[in-house]
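Contents: one structure, followed by commentary.
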Amino acid sequence: MILDRIERLPLYEAVLPGAKAAAEAFAAGKAEAAPFEVREKAYAAKADDKRRYEVHDHTVDLMIAKGGCEVIHICPQEELTPAEPLANGADGRKMDGEVHGTAVLLQEGWFCAIYPGEAHMVAGKPGGRESAVEKWVVKLPC
């Protein structure tokens, strides 16, 4: 996992291939300009019992916050129980387990890169407070 400010994203190109292209597309505000799949997301944070882990096998989830904030819990997939595959043949599967691991605050002006094997649970409430986030989720192949 990498957590840093958006303006530093191109510096990670060696360990995060595609970081520079993703940063340029984000700066231009043009998801279609990215040479990767980009999912534009906007949602409110949820109670922990409404959240669930997922893990990917072949893609890095590069989350770039446009506005707002959320807590993302990250832990090794070995600490969870594998569940059903992701919908529509997407890379990875859902994972079951209690909320634990490293709690990362993704907020406007920041990005978080989550690598294969790192289970992650998005949409957490920062400090238990209501919040919402707008972000890009860039699917980087690896």
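The values are calculated or read from the model by the stated rules, or taken from the named source; none is laboratory data. These figures come from a predicted structure and were not determined experimentally. Cβ coordinates were reconstructed from backbone atoms using ideal geometry, including for glycine residues, and neighbour counts include every protein chain displayed.
Before we move on, is Arg52 under 14 Å from the mean Cα position of the chain (by Cα) and under 16 Å from Val133 (Cα atoms)? Considered against the rule, which asks whether it is under 14 Å from the mean Cα position of the chain (by Cα) and under 16 Å from Val133 (Cα atoms), Arg52 comes out as no. Contact map, region 95-109: residues that are more than 12 Å from His120 (Cα to Cα) and free of Cβ contacts under 8 Å to residues at least 60 places away in the same chain paired with residues that are basic (Lys, Arg) and surrounded by fewer than 17 Cβ atoms within 10 Å (Cβ to Cβ), Cβ distance under 9 Å, separation 6+ or inter-chain. Pairs shown: Glu108/Lys66.
Residues in region 75-87 that are touching a residue at least 12 places away in the same chain (Cβ under 8 Å) and surrounded by 11 or more Cβ atoms within 10 Å (Cβ to Cβ) were compared, and the one that is nearest to Thr59 (Cα to Cα) is Leu86.
Each residue in region 1-44 was checked for being within 17 Å of Val137 (Cβ to Cβ) and among the basic types (Lys, Arg), and 3 of them qualify. The single condition among (1) surrounded by fewer than 15 Cβ atoms within 10 Å (Cβ to Cβ); (2) at pLDDT below 95 that Arg5 does not meet is (2).
Only one entry of Ala65, Ala90, Ala47 meets the criterion of being under 14 Å from the mean Cα position of the chain (by Cα) and either of a type outside the set (D, E, K, R) or surrounded by 15 or more Cβ atoms within 10 Å (Cβ to Cβ) (or both), and that entry is Ala65. Restricting region 93-142 to residues that are among the small types (Gly, Ala, Ser) and in a strand (DSSP E or B), the residue that is farthest from the chain's Cα centre (by Cα) is Ala132. Within region 63-114, being farther than 17 Å from Lys139 by Cα and of a type in the set (Asp, Glu) holds for Glu70, Glu78, Glu79, Glu84, Asp96, Glu98, Glu108. Checked against the criterion of being farther than 30 Å from Gly127 by Cβ, in contact with a helix residue (DSSP H, G or I) (Cβ under 6 Å, 6 or more places away or on another chain) and either in contact (Cβ under 8 Å) with a residue 24 or more places away in the chain or of a type in the set (S, T, N, Q) (or both), region 31-49 has at least one qualifying residue. Can you confirm whether region 44-64 contains a residue that is farther than 20 Å from Ile2 by Cβ, of a type in the set (Ser, Thr, Tyr) and modelled with pLDDT of 95 or more? Checking region 44-64: not a single residue is farther than 20 Å from Ile2 by Cβ, of a type in the set (Ser, Thr, Tyr) and modelled with pLDDT of 95 or more.
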